[in-house]
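Note sheet for the following structure.
Nothing in this text is a laboratory measurement; each read-out follows from the coordinates by a stated rule. None of the values given here were measured: they were computed from a predicted structure. Cβ: placed from backbone, ideal geometry, glycine included. Neighbour counts: every protein chain shown.
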Amino acid sequence: MSDPTTPPPGPGMPPGPGGRPSFAEENAMRVAAETLNHYDAASDTYHCSYGPPVPTVTIRDVARGVLVRVDPQTEQVMGFSIPRFKEWHAEHAEADGSFEVDLPSVWPLRGGGDPGDPAGAGGEGDEET
């Protein structure tokens with residue numbers, strides 16, 4: 001009999017030992033539970049943060065029109081901000097108003113640029129936050 005307090009594994013994620021969630025699944029659930037979204041109307045900026053606050057560097061992702069916050073120690077993406085959000089939303093949102101920002105979980109800082117862009121042209125500059 002399975003433990004009713006343990007959620008089933010997500011799609012494509014095999015259960016861990018004893019049918020418990022794998023480390024990757026537990027981490028994904030923790031990050032989802034600790035995700036914070038906030039719209040600052042005064043500056044017209046949308047913010048999304050994953051997990052507890054940590055020191056980050058900010059990468060300007062020109063291709064996506066967002067600022068990506070990356071932990072310089074782990075190169076893990078910790079969140080993003082969208083300046084001029086109303087303008088960005090008008091250009092990128094679906095007809096129902098929903099939108100998605102597709103970012104990798106890790107952003108290599110040593111090579112520079114966008115990890116999804118082989119030429120590295122998508123990102124520019126590092127700023128401490």
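The H on the amide N of residue 66, modeled in the peptide plane, is under 5 Å from the matching H of 61, each at least 5 residues off or on a different chain.
Taking the Cβ-Cβ separation of residue 86 and residue 106 as r and a Förster radius of 25 Å, what is the calculated FRET efficiency to the nearest 0.05?
Values: r = 30 Å, r/R0 = 1.21.
Given R0 = 25 Å and the Cβ-Cβ separation, E is 0.25.
Please sort 68-81, 91-104 by packing, taking for each peptide the average over its residues of neighbouring beta carbons within 10 angstrom, highest first. Display every interim value, and only then the final one.
Values: 68-81: 18.6, 91-104: 10.4.
Final packing ranking: 68-81, 91-104.
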